[in-house]
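Enquirer: Below: one structure in structure tokens.
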Amino acid sequence: MPPAPSPLRVAIIGAGPAGIYAGNILNRLVLAAGHTVAIDLFDSLPAPYGLIRYGVAPDHPRIKGIVRSLQEMLDADTIRFIGNVSYGTDLTLADLREHYHAIIFATGAILDAPLAIDGIDLPGSFGAADFVSWYDGHPDVPREWPLDATDVAVIGNGNVALDVARILAKHADDLLTTDIPASVHAGLAGSPVTDVHVFGRRGPSQVKFTPIELRELADIPDVDLVVYAEDFVPDSFSEQLIASNNQVKIMTRTLNGWLTKAPLGASRRLHLHFMHAPLEIHGDGRVQGIRFERTEHTGDGGVRPTGQIVDYPVQAVYRAVGYRGSALTGVPFDAVRGVIPNDGGRVLDAAGAPIAGLYATGWIKRGPVGLIGHTKGDALETITRLVEDLPALIANGQTVGTAEAILAVLAERGVEFTTWAGWQALDAHERSLGAEDSLTIGRERIKVISRAEQVAISRGEILVTH
Ligand SMILES: Cc1cc2nc3c(=O)[nH]c(=O)nc-3n(C[C@H](O)[C@H](O)[C@H](O)COP(=O)(O)OP(=O)(O)OC[C@H]3O[C@@H](n4cnc5c(N)ncnc54)[C@H](O)[C@@H]3O)c2cc1C
């Protein structure tokens, strides 16, 4: 009998939704094409799930629940998770080339896009991504967050701006049923905030929110929602948009409904402002206020400045103007868009030609926009290209190493990598912390923040009882 052909060996860098969907689809399509495949899924963090764990807001358990279907994909034993391994430091492109026929980059985005206005670097001015990483217990960000402002501005009109505003405005105890670590609860509990203002450049019918995220603002206990009639200036373009797009219609109706809602005398307020373009953040040594220029509709979906200046006294500013992907050593990068240049997922060199064996998917392929579900379509496109390239990949990578060889490289370098079994141990531990919590009933988990502790629990170096 001829020996079984060795499997196609593929490394996926990034165990967020894009990487996991890619692994799942890859397994299915390569098998359908008559080959076997061995998939290693690396992440620089000890735990999988990317921004579902470290981006999605803690009070959105329904969204966090998407991990259940991703977990089934990883449980299926067709993808090997190897955590706490950073591409670029622990493993290089040359290492991966030596051990795999193909490499898929699914490294997402974790940094804030810049906002070039005066005062953006003043103490008290923050990026939303950093704050999100703090409240979601990301192991690599400072654990102290200065929550000392009574009045806060959030710049941006997308869902991340709403997440940040909601978490800032909510009373900390209303987050007690979520997975937030005790230090985050304590930080939020000490916040003296009374007013959170969200500002967008364009009109109420041009927001980038989604209807569910918008509507839930009305249900935050002891937080009054405030919108301003002068921001609701009708224009023909907006009217057309409302008539032609159901989502816009729903959100505009929601926002208009709030215009007539009487305040309930809550101790905190969340204000939504539109038609405000940020000009500068000012303050003597730290944020003391923010200046905007009012805008008006141009009639074609855009806005232009009116010359009318408005100042708001605030002690903290959060910019939620988008995320930004980071360059990876040895991989082409489009610094303007913050993505890996690609054609349907095939990584392109500076001349625009595909680089054999290199692929990209998810936010690092497409840019940091879109929901978790969109990364599935991304993955399908990328994997379809990879499967088209199968014959060449196999021919080019005759001498790739074995499944054990890459682990030996990591061990030799002293990299304390984590495994799927390790994540299951950490997961069980976090769930048991949630179950033990006496302050609440039915808390699903409490996250372990520290990377060292996560690694030690995953590697069985700290014995935990459940
Ligand atoms: C604040 C926020 C809230 C969101 N809320 C929602 C929501 O409610 N609903 C929804 O559907 N979508 C939401 N999204 C969008 C959703 O998170 C993204 O669509 C999705 O996570 C993108 O997936 P990805 O796999 O491309 O990237 P990511 O989820 O960012 O995963 C990338 C992974 O790559 C790893 N990585 C990065 N660099 C390296 C490296 N050098 N070596 C090894 N590993 C590396 C990272 O650690 C990470 O685990 C939200 C996004 C943000 C930012």
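Enquirer: Please enumerate the residues belonging to the stretch 281-297 that are under 15 Å from residue 202 (Cβ atoms) and open to solvent by less than 60 Å² (accessible area, probe 1.4 Å).
Expert: Correct list: 292, 293, 294, 295, 297.
Enquirer: Could you tell me whether residue 265 is at pLDDT 95 or above, open to solvent by less than 80 Å² (accessible area, probe 1.4 Å) and not basic (Lys, Arg)?
Expert: It is false that residue 265 is at pLDDT 95 or above, open to solvent by less than 80 Å² (accessible area, probe 1.4 Å) and not basic (Lys, Arg).
Enquirer: Among the residues of the stretch 365-413, which ones are among the aliphatic types (A, V, I, L, M) and not in a helix (DSSP H, G or I)?
Expert: 369, 371, 372, 400
Enquirer: Can residue 418 be described as of a type in the set (Val, Ile, Thr) and modelled with pLDDT of 95 or more?
Expert: yes
Enquirer: Quickly run through the stretch 126-141 and pick out the residues that are touching a Leu at 6+ places or on another chain (Cβ under 9 Å), open to solvent by 10 Å² or more (accessible area, probe 1.4 Å) and touching a residue at least 40 places away in the same chain (Cβ under 8 Å).
Expert: Hits for the stretch 126-141 are 138, 139, 140.
Enquirer: Confirm whether residue 77 is open to solvent by less than 30 Å² (accessible area, probe 1.4 Å), of a type in the set (D, E, K, R) and more than 10 Å from the ligand (Cβ to nearest atom). Steps first, please.
Expert: Working: open to solvent by less than 30 Å² (accessible area, probe 1.4 Å): no; of a type in the set (D, E, K, R): yes; more than 10 Å from the ligand (Cβ to nearest atom): yes.
Here the answer is no, as residue 77 does not meet what is asked.
Enquirer: Scan 89, 107 and give me the residue that is part of a loop (DSSP other than H, G, I, E, B) and either in contact with a Phe, Trp or Tyr (Cβ under 7 Å, 6 or more places away or on another chain) or surrounded by 18 or more Cβ atoms within 10 Å (Cβ to Cβ) (or both).
Expert: None of the other options fit; the residue is 107.
Enquirer: Sticking with this structure for a sec: Which one of these is open to solvent by 40 Å² or more (accessible area, probe 1.4 Å) and either at pLDDT 95 or above or within 16 Å of the ligand (Cβ to nearest atom) (or both): 378, 311, 300, 389?
Expert: Criteria check complete, one pass: 311.
Enquirer: Examine the stretch 60-72 for a residue that is surrounded by fewer than 22 Cβ atoms within 10 Å (Cβ to Cβ) and either at positive phi or in contact with a Lys or Arg (Cβ under 7 Å, 6 or more places away or on another chain) (or both), and state whether such a residue exists.
Expert: There is no residue in the stretch 60-72 that is surrounded by fewer than 22 Cβ atoms within 10 Å (Cβ to Cβ) and either at positive phi or in contact with a Lys or Arg (Cβ under 7 Å, 6 or more places away or on another chain) (or both).
Enquirer: Sticking with this one: Do we have any residue at all in the stretch 1-12 that's within 14 Å of the ligand (Cβ to nearest atom), open to solvent by 10 Å² or more (accessible area, probe 1.4 Å) and in contact (Cβ under 8 Å) with a residue 60 or more places away in the chain?
Expert: First pass over the stretch 1-12, keeping only residues within 14 Å of the ligand (Cβ to nearest atom): 11-12.
Right, trim to open to solvent by 10 Å² or more (accessible area, probe 1.4 Å) and you get none.
No, because not a single residue in the stretch 1-12 is within 14 Å of the ligand (Cβ to nearest atom), open to solvent by 10 Å² or more (accessible area, probe 1.4 Å) and in contact (Cβ under 8 Å) with a residue 60 or more places away in the chain.
Enquirer: Here's another thing I want to ask about it. Go through the residues of the stretch 48-58 one by one and say whether even a single one is more than 10 Å from the ligand (Cβ to nearest atom) and either assigned to a loop (DSSP other than H, G, I, E, B) or on the phi < 0 side of the Ramachandran plot (or both).
Expert: There is at least one residue in the stretch 48-58 that is more than 10 Å from the ligand (Cβ to nearest atom) and either assigned to a loop (DSSP other than H, G, I, E, B) or on the phi < 0 side of the Ramachandran plot (or both).
Enquirer: Give the residues of the stretch 230-272 that are of a type outside the set (Asp, Glu), farther than 21 Å from residue 217 by Cα and in contact with a strand residue (DSSP E or B) (Cβ under 8 Å, 6 or more places away or on another chain), sorted by residue number.
Expert: Of everything in the stretch 230-272, those that are of a type outside the set (Asp, Glu), farther than 21 Å from residue 217 by Cα and in contact with a strand residue (DSSP E or B) (Cβ under 8 Å, 6 or more places away or on another chain) turn out to be 233, 237, 238.
Enquirer: Might you check whether a residue that is modelled with pLDDT under 95 and either buried (at least 20 other Cβ atoms within 10 Å of the Cβ) or aliphatic (A, V, I, L, M) (or both) occurs anywhere in the stretch 41-48?
Expert: No: zero hits.
Enquirer: Applying the selection to the stretch 223-238, what residues are open to solvent by 40 Å² or more (accessible area, probe 1.4 Å), in contact (Cβ under 8 Å) with a residue 12 or more places away in the chain and either over 30 Å from residue 194 (Cβ atoms) or of a type in the set (Ser, Thr, Tyr) (or both)?
Expert: If the condition is that a residue be open to solvent by 40 Å² or more (accessible area, probe 1.4 Å), in contact (Cβ under 8 Å) with a residue 12 or more places away in the chain and either over 30 Å from residue 194 (Cβ atoms) or of a type in the set (Ser, Thr, Tyr) (or both), then 228, 236, 237 are the ones that fit.
Enquirer: Would you kindly identify the helices (runs of 4 or more DSSP H) lying entirely within the stretch 147-217 that contain at least 3 residues that are surrounded by 19 or more Cβ atoms within 10 Å (Cβ to Cβ)?
Expert: Result: 159-169, 182-189.
Enquirer: Hey, any hits in the stretch 84-91 for a residue that's modelled with pLDDT of 95 or more, polar (S, T, N, Q) and under 20 Å from the mean Cα position of the chain (by Cα)?
Expert: yes
Enquirer: Any residue at all in the stretch 340-347 that's within 13 Å of the ligand (Cβ to nearest atom) and open to solvent by 60 Å² or more (accessible area, probe 1.4 Å)?
Expert: No, that holds for no residue.
Quick grid of which residues meet (1) closer than 25 Å to residue 367 by Cα; (2) among the small types (Gly, Ala, Ser):
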| residue | (1), (2) |
| --- | --- |
| 76 | no, yes |
| 81 | yes, no |
| 89 | yes, no |
| 93 | yes, no |
| 98 | no, no |
| 102 | yes, yes |
| 107 | yes, no |
| 110 | yes, no |
| 113 | yes, yes |
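Enquirer: Residue check, residue 354 against (1) at pLDDT 95 or above; (2) surrounded by fewer than 18 Cβ atoms within 10 Å (Cβ to Cβ); (3) under 24 Å from residue 114 (Cβ atoms), all met but one. Which one?
Expert: In the conditions (1) at pLDDT 95 or above; (2) surrounded by fewer than 18 Cβ atoms within 10 Å (Cβ to Cβ); (3) under 24 Å from residue 114 (Cβ atoms), residue 354 misses (3) alone.
Enquirer: Please work out if residue 38 is of a type in the set (Gly, Ala, Ser) and in a loop (DSSP other than H, G, I, E, B).
Expert: For residue 38, the condition - of a type in the set (Gly, Ala, Ser) and in a loop (DSSP other than H, G, I, E, B) - is not met.
The values are calculated or read from the model by the stated rules, or taken from the named source; none is laboratory data. Quick caveat: nothing in here was measured; it's all calculated off a predicted structure. So basically every Cβ, Gly included, is an ideal-geometry build from the backbone, and we count neighbours across all protein chains shown. Heads up: the accessible areas ignore ligands, DNA and RNA and are worked out on the full protein's heavy atoms, side chains in. Shrake-Rupley method; radii C 1.70, N 1.55, O 1.52, S 1.80 Å.
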